[in-house]
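Have a look at the structure below, then the notes.
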Ligand code: TYD
Ligand code: MG
C-alpha cells in the first residue's frame, strides 16, 4: 500500500498543505506549520465497511414523544444565552482569553446545574482537583454535588463519562485533552480537532451534554477554531476587558436559540454575579452631557441594551491621522467618516479620531451608525447633544438613513432609564414614542443641520 503523503497543518487556522513553508498562505501567520500524521481511522480509507450505519424513516421520528426538556441552571444570564436552558445531548464551545473567567463561570454553572438536579462531571485538565475545590470554596460552592476529575487522557475521560453517564460534562479545556491515537502534541490542531470530534460524537450518542472550554489565541481564534466551531451546536464567547469588571457571554452560533444573545456578568471577589440590567451598568459612568458622548439604544440578541459611544477628534501632527476604535468596527468608522465628508461636506482630514464604547462593550449592529456619526460630529463641533437623548439608525453610502428593527423596544428601554428624546431614521412604519420626543431624520445632512446647526 502506498505510504500516505505528508500532511502539514497550520496551527493557527487549521489549513492543510502538502508542503512545509514558513508562512501560512491561508491566514498569513508565520512559523505555525507543523507536520501531522492523519487520524488513525480517517475517512476515505475504505470504500465500504462491514457494518451498516443506522437509518430510520422520517415518519417514525414524527410519532416519537417530544424530546426531553431543556435543563435550566437558574443562572438566568447563562440560560438565556443558551437559548432558554441546556439542550440535552448538545455540544457547546465556550471560548475566551486566558484569565477572563471561563473556569469561574463554568464551575458556577456546574454547581447550579447540579443543584437543579442535573448530574455534572467537571473535568479540569488545567488544575488539580484540589485547586478546583479551593476555587469552589472561594465561590461558596464547595457543597454542590459536582463530581471532579483532572484527567487529560481523552480515552480515560470518555470511559469515565460512559460509566457515569452524567447529564452534563464540562471539559476545561479542550486544549489540554490528549487523544492517544493522534500523533501530535496536546493543543495542536489535530489534537483539538480529534478531542472535540470524539466528545461531540459522544454527546450525541449517549445523550450527555458537553461544554468544552477553548482558549483564544491573541488573534481572537481558538486553536483549530474553524474545525471546532463547525462541529459543535453552540459557540459562546466570554468577552470583556481585563481592566473592567464586566464580562459578556455572547452566543455567536446557536443551533437551539438566537445567535447574538448576550448574558452580562460582573467579576466580583466571590465569582461572577449576574447583571440583570446591563443598560444601567453601561451608563453608570456617564456624567454631565459632554461633547463626543452619545447614548446608543441597541439590541443585543432579544434584549435592548443602552450604551455610550465616546468620540474624540483632535488636530493631528501625523501625515496620516490616527483612527483608533475600541468596541466597534474600524472599517465601519472609515465608512461613516467618508459619508460625512462626501455627503455633508464635513472633512476629517488632518484630524485624529478616537472612538470608544464605554464599559468594555463590543457593538456589531449597523444600527449604531447614526450614534457614531452623532458622536463624531459632536466631538468635532465641540457641541453636546441635547441631554437625555438616545440615537440609533443605519447610514447608507448615499447618506440616507435606514430604519432599523425593534424601534419600539429600543425606545421603551430608553424611557425606562429616564431618557426623554430620541434621534432616529424617518420612514418605515410609524412608531408610538410612548411619551418620548422623537426626532425622525431623513438623511445625515439633516443631523448636521437640525441637531448641530452646522
Ligand atoms: P479564571 O476563571 O481562572 O479564567 P480562565 O479560566 O478564563 O482562564 O479566572 C481568573 C481570573 O478571575 C483571575 O484573574 C482572578 C479572577 N477571579 C475573581 O476576580 N474573583 C473570583 O471569585 C475568582 C474565582 C476569580
Ligand atoms: Mg481556566
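The values are calculated or read from the model by the stated rules, or taken from the named source; none is laboratory data. Remember, it's a predicted structure, so these values are computed and weren't measured experimentally. Counting neighbours? That spans all protein chains shown, and the Cβs are built from the backbone with ideal geometry, glycine included.
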Inset, instruction - Working only within the stretch 100-125, note down all residues that are within 16 Å of ligand 1 (Cβ to nearest atom) and more than 20 Å from residue 192 (Cα to Cα). - result: 100, 101, 104, 105, 107, 108, 109, 110, 111, 112
Inset, instruction - Filter the stretch 237-252 down to residues that are within 16 Å of ligand 2 (Cβ to nearest atom) and touching a strand residue (DSSP E or B) at 6+ places or on another chain (Cβ under 6 Å), then give me how many there are. - result: 6
Inset, instruction - Considering (1) more than 9 Å from ligand 1 (Cβ to nearest atom); (2) in contact with a helix residue (DSSP H, G or I) (Cβ under 6 Å, 6 or more places away or on another chain); (3) on the phi < 0 side of the Ramachandran plot; (4) modelled with pLDDT under 95, say which one residue 91 fails and leave the rest. - result: (4)
Inset, instruction - Would you check which residues across the stretch 259-274 are under 11 Å from the mean Cα position of the chain (by Cα) and within 16 Å of ligand 2 (Cβ to nearest atom) and list them? - result: none
Inset, instruction - State whether one or more residues within the stretch 418-429 are assigned to a strand (DSSP E or B), in contact with a helix residue (DSSP H, G or I) (Cβ under 9 Å, 6 or more places away or on another chain), without any contact (Cβ under 8 Å) to a residue 60 or more places away in the chain and within 20 Å of residue 313 (Cβ to Cβ). - result: yes
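For (1) farther than 14 Å from residue 211 by Cα; (2) part of a loop (DSSP other than H, G, I, E, B); (3) within 16 Å of ligand 2 (Cβ to nearest atom), each residue gets a yes or a no:
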site	(1), (2), (3)
74	yes, yes, no
79	no, no, no
93	no, no, yes
99	yes, yes, yes
122	no, no, yes
135	yes, no, yes
140	yes, yes, no
Inset, instruction - Would you check if residue 263 is buried (at least 21 other Cβ atoms within 10 Å of the Cβ) and on the phi > 0 side of the Ramachandran plot? - result: no
Legend entry - Condition check for residue 337: away from ligand 2 (no atom under 16 Å from the Cβ), modelled with pLDDT under 95 and not in a strand (DSSP E or B): no
Legend entry - One residue from 7, 72, 54, 23 being surrounded by fewer than 20 Cβ atoms within 10 Å (Cβ to Cβ) and at pLDDT 90 or above: 72
Inset, instruction - Grab the helices (runs of 4 or more DSSP H) fully contained in the stretch 149-250, keeping just those with 2 or more residues being modelled with pLDDT of 90 or more. - result: 154-164, 189-206
Inset, instruction - Answer yes if at least one residue in the stretch 143-161 is surrounded by 19 or more Cβ atoms within 10 Å (Cβ to Cβ), more than 30 Å from residue 245 (Cα to Cα) and out of contact with any helix residue (DSSP H, G or I) (no Cβ under 7 Å at 6 or more places or on another chain), and no otherwise. - result: yes
Legend entry - Test: residue in the stretch 254-266 that is touching a helix residue (DSSP H, G or I) at 6+ places or on another chain (Cβ under 6 Å) and either part of a helix (DSSP H, G or I) or over 20 Å from residue 84 (Cβ atoms) (or both): no
Inset, instruction - Pick out the one residue from 325, 390, 372 that is in contact with a helix residue (DSSP H, G or I) (Cβ under 8 Å, 6 or more places away or on another chain) and assigned to a helix (DSSP H, G or I). - result: 372
Legend entry - Search result, residues across the stretch 188-214 that are under 22 Å from the mean Cα position of the chain (by Cα) and surrounded by fewer than 20 Cβ atoms within 10 Å (Cβ to Cβ): 197
Legend entry - Residues located in the stretch 430-452, provided they are modelled with pLDDT of 90 or more and either part of a loop (DSSP other than H, G, I, E, B) or farther than 26 Å from residue 344 by Cα (or both): 442
Legend entry - Evaluation of residue 130 against (1) closer than 21 Å to residue 72 by Cα; (2) at pLDDT 90 or above; (3) surrounded by fewer than 19 Cβ atoms within 10 Å (Cβ to Cβ); (4) within 16 Å of ligand 1 (Cβ to nearest atom) (one fails), failing number: (1)
Legend entry - Residues that are more than 16 Å from ligand 1 (Cβ to nearest atom) and under 25 Å from residue 269 (Cβ atoms), drawn from the stretch 136-173: 143, 145
Legend entry - Test: residue 367 is crowded, with 24+ Cβ neighbours inside 10 Å and at negative phi: yes
